[in-house]
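Peer 1: Just dropping this structure here.
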Amino acid sequence: ELQYFTNISIVNDYAFRKTTNLTIGILPPSVTDIYVGAFQNSGIQALNPRLPYHPVDYTKGASNVTASNVSRYAFAGSNLTSVTFGSNTTTVGASAFEGCLYIRNVYGEDSGWISVQNNTFKNCSMLKSIYLPSTVTMLLSNVVDGCSALEAIYCYATTPPSVTTSTFAHMASNVTLYVPYESLSVYKNSNWRNYFSNILPIDAPQTYAC
């Protein structure tokens, strides 16, 4: 628990790597950067959680990442169960959550996340849903490779982010893509349609019968 070390701004490279007994991390608000492999292969289940934290809490707020920069392999192979990115988060590095076998949900719709790097969620075999913010402009390769339980991706960007031919490689079949209602036709006419047979609006306008 580092919450009282108020001058800390960085969790350095491999700071808590392989600390298998570490289950909950509480960082001070001053932390802006979580560097390479900081919690890689650790036992951490929750970062800055709502307390009291329960180990099977997969809901929004179970883990809160407020750092602006989450470097590559930062949490790879850890025991995180869910992740919520704060509004300050703009950078999430390659393989940042690769091999997190227990992660169920990733909430980033309220963040300033710009690009989804290579292998970000590769082999997260229990991951069910990903929420991407309106600021995302690109998704690189093998983002959800091996995510066999994935059911839905929510993308709040009104303009379809650029993707590569391998962005959704080995993605689970029948994953539903949810997009802004006003951009539904744009996504259906973009190359995203090559990877999703179901593209639905996040929030359709309400209609009422007189």
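Peer 1: Return yes or no: is F16 out of contact with any strand residue (DSSP E or B) (no Cβ under 9 Å at 6 or more places or on another chain), surrounded by fewer than 24 Cβ atoms within 10 Å (Cβ to Cβ) and assigned to a loop (DSSP other than H, G, I, E, B)?
Peer 2: no
Peer 1: Give me a count of the residues in segment 158-187 that are of a type in the set (A, V, I, L, M), closer than 16 Å to V143 by Cβ and open to solvent by 30 Å² or more (accessible area, probe 1.4 Å).
Peer 2: Within segment 158-187, residues that are of a type in the set (A, V, I, L, M), closer than 16 Å to V143 by Cβ and open to solvent by 30 Å² or more (accessible area, probe 1.4 Å) number 1.
Peer 1: Filter segment 138-157 down to the residues that are more than 22 Å from A76 (Cβ to Cβ) and open to solvent by 70 Å² or more (accessible area, probe 1.4 Å) and list them by number. Walk me through it before giving the result.
Peer 2: So the first thing to find is which residues in segment 138-157 are more than 22 Å from A76 (Cβ to Cβ), and the list is 151-152, 154-157.
Within segment 138-157, E151, Y156 meet the criteria.
Peer 1: I would also like to ask the following. Considering only strands (runs of 3 or more DSSP E) fully contained in segment 58-135, which possess at least 3 residues that are out of contact with any Pro (no Cβ under 9 Å at 6 or more places or on another chain) and buried (at least 23 other Cβ atoms within 10 Å of the Cβ)?
Peer 2: Here the list reads 82-85.
Peer 1: Condition (residue is free of Cβ contacts under 8 Å to residues at least 24 places away in the same chain, more than 22 Å from L140 (Cβ to Cβ), in a loop (DSSP other than H, G, I, E, B) and open to solvent by 10 Å² or more (accessible area, probe 1.4 Å)) applied to segment 26-48: is it met by at least one residue? Before the answer, list the steps.
Peer 2: If we filter segment 26-48 for residues that are free of Cβ contacts under 8 Å to residues at least 24 places away in the same chain, which is where we start, we get 48.
In the following step, the residues that additionally are more than 22 Å from L140 (Cβ to Cβ) were identified as 48.
Filter once more, keeping what is in a loop (DSSP other than H, G, I, E, B): 48.
Still in the running and open to solvent by 10 Å² or more (accessible area, probe 1.4 Å): 48.
Checked against the condition, which is being free of Cβ contacts under 8 Å to residues at least 24 places away in the same chain, more than 22 Å from L140 (Cβ to Cβ), in a loop (DSSP other than H, G, I, E, B) and open to solvent by 10 Å² or more (accessible area, probe 1.4 Å), segment 26-48 yields at least one hit.
Peer 1: Out of all the residues in segment 189-202, is one or more at pLDDT 95 or above, exposed (fewer than 14 other Cβ atoms within 10 Å of the Cβ) and assigned to a loop (DSSP other than H, G, I, E, B)?
Peer 2: yes
Peer 1: Residues to consider are F97, F75, F85, F121; find the one that is within 13 Å of the chain's Cα centre (by Cα), modelled with pLDDT of 95 or more, more than 19 Å from A152 (Cα to Cα) and aromatic (F, W, Y).
Peer 2: Details: F97 fails: more than 19 Å from A152 (Cα to Cα); F85 fails: more than 19 Å from A152 (Cα to Cα); F121 fails: more than 19 Å from A152 (Cα to Cα).
Result: F75 is the single residue among F97, F75, F85, F121 that is within 13 Å of the chain's Cα centre (by Cα), modelled with pLDDT of 95 or more, more than 19 Å from A152 (Cα to Cα) and aromatic (F, W, Y).
Peer 1: Would you tally the residues in segment 147-167 being closer than 18 Å to L200 by Cα and of a type in the set (A, V, I, L, M, F, W, C)?
Peer 2: Number of matching residues: 5.
Peer 1: Another question, then. Using beta carbons and a limit of 8 Å, which pairs, at least six apart or on different chains, have the first residue in segment 148-166 and assigned to a strand (DSSP E or B) and the second one open to solvent by 30 Å² or more (accessible area, probe 1.4 Å) and of a type outside the set (S, T, Y)?
Peer 2: A152/K128; Y154/E109; Y154/I202; S162/M138; V163/M138; V163/N191
The values are calculated or read from the model by the stated rules, or taken from the named source; none is laboratory data. Because the structure is a prediction, the values reported are computed rather than measured. Cβ: placed from backbone, ideal geometry, glycine included. Neighbour counts: every protein chain shown. Surface accessibility is based on the protein's heavy atoms, side chains included, excluding ligands, DNA and RNA. Shrake-Rupley method; radii C 1.70, N 1.55, O 1.52, S 1.80 Å.
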